[in-house]
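Values quoted throughout were computed directly from the atomic coordinates according to the rules given, and no laboratory measurement underlies them. Please read all numbers here as calculations on a predicted model, not as lab measurements. Ideal geometry is used to build each Cβ from the backbone, glycine not excepted, and the neighbour counts take in all protein chains shown.
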Amino acid sequence: MVFKKILELRKINIAIDGYSGCGKSTLAKALAEKLGYIFIDSGAMFRGITHFCLINGVDVTDKKAIAEVLDSKPELTFKPVSNHLLLNGQDVESHIRNDQKVVSSVSFVASIPEVRTYLKELQQRHISGKGVVMEGRDIGTVIMPGAELKIFITATIEERIHRRLSQLSDQGVTILEEEVRNNLIERDKADAGRDVAPLRKASDAICFDTSNFSKETQLEAILAIARPIIEPDYYLPFIQ
Ligand code: DC
């Protein structure tokens, strides 16, 4: 899809939410790249706080201790181009993705109100200038309620299992299908069932079931939805 020159386009913010394993990150990253926008992976920031707790010897089941460690104001930023998470300037991307202690504790850490308040402030620093694609669970509802475009991504559980298995197999990891299924179901429950900022579709979000879409056609579909918003004088071919 060919857009007008970037300067003629209206800059907007785009919120992408949805369950784990629906392909949100890949889509959000590709969309940001195509539009020349900043991409913010908010889940990486929750993982970063979890890693910060672990390297400081904080018990990641102790809400009070986790809330207290935030007093030292850990800085979370993203490295340009690679988008790797930087914790106090250090690249921690491999830790936040591969450390099983981070992976198994992050849902609990993300349920703590103090952690969410701390990250909300960091996440909202990015949005005033527009031109942001942010991906997570509460972006359309809490972090960017004023986003001009909100997408809620879904996919069938079978498709999500299939995608997760092939992603892990590409990384040389062998895992039982049943384990992946249980893990996804547990994460869904934790994300949608917590008291603070649970995963919800914003009332003005567009629901997009990606089950039968390739990565390329997902991007094409979202660009088609975004186009009339960012290119104000563009109108659909059948409206003459
Ligand atoms: O998207 P992810 O798997 O990297 O997210 C890691 C965890 O953080 C997961 O348990 C969901 C949670 N999360 C959240 O609660 N709110 C967000 N905006 C993003 C992620």
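Sort largest first and round to whole Å: the equivalent ellipsoid semi-axes of the stretch 171-240, each the square root of five times a Cα gyration tensor eigenvalue.
Working: eigenvalues 241, 77, 16 Å².
Working from the Cα gyration tensor, I get semi-axes of 35, 20, 9 Å.
May I ask you to list the lysines whose Cα is less than 26 Å away from that of Lys201, ignoring any residue fewer than eight positions away on the same chain? Cα-Cα hits under 26 Å: Lys11, Lys24, Lys29, Lys34, Lys120, Lys130, Lys150, Lys189, Lys215. Ranked by the mean number of other Cβ atoms within 10 Å of their residues, highest first, the peptides 36-48, 174-186 fall in the order 36-48, 174-186.
Database remark: amide H of Thr156 closer than 5 angstrom to the amide H of Ser211 (H placed geometrically; neighbours at sequence offset of 5 or more, or on other chains; Pro and chain starts carry no H).
Computed across the chain, the Kirkwood hydrodynamic radius from all distinct Cα-Cα pairs reaches 18.8 Å.
Mind jotting down a quarter of the surface of the convex hull over the alpha carbons of the stretch 70-144, in square nanometres, one decimal?
Working: hull surface 22.9 nm².
In nm², the orientation-averaged hull projection of the stretch 70-144 is 5.7.
Averaging Cα coordinates gives a centre for the stretch 188-220 and one for the stretch 80-138; these two points are 18 Å apart.
The C-alpha atoms of the stretch 36-113 occupy a region whose extents along the principal axes are 40, 25, 21 Å, arranged from largest to smallest.
Taking every alpha-carbon pair under 8 Å whose residues sit at least 6 apart, the chain reaches a relative contact order of 32 percent. Most tightly packed first, judged by the mean number of other beta-carbon atoms within 10 Å of their residues, the peptides 212-221, 133-142 read 133-142, 212-221. Principal-axis analysis of the Cα atoms of the chain puts helix 100-110 at an angle of about 70° to the longest axis. Volume per residue of the convex hull around the Cα atoms, evaluated for the stretch 117-240, comes out as 149 Å³. Computed from Cα atoms alone, the Kirkwood hydrodynamic radius reported for the stretch 1-136 is 15.8 Å.
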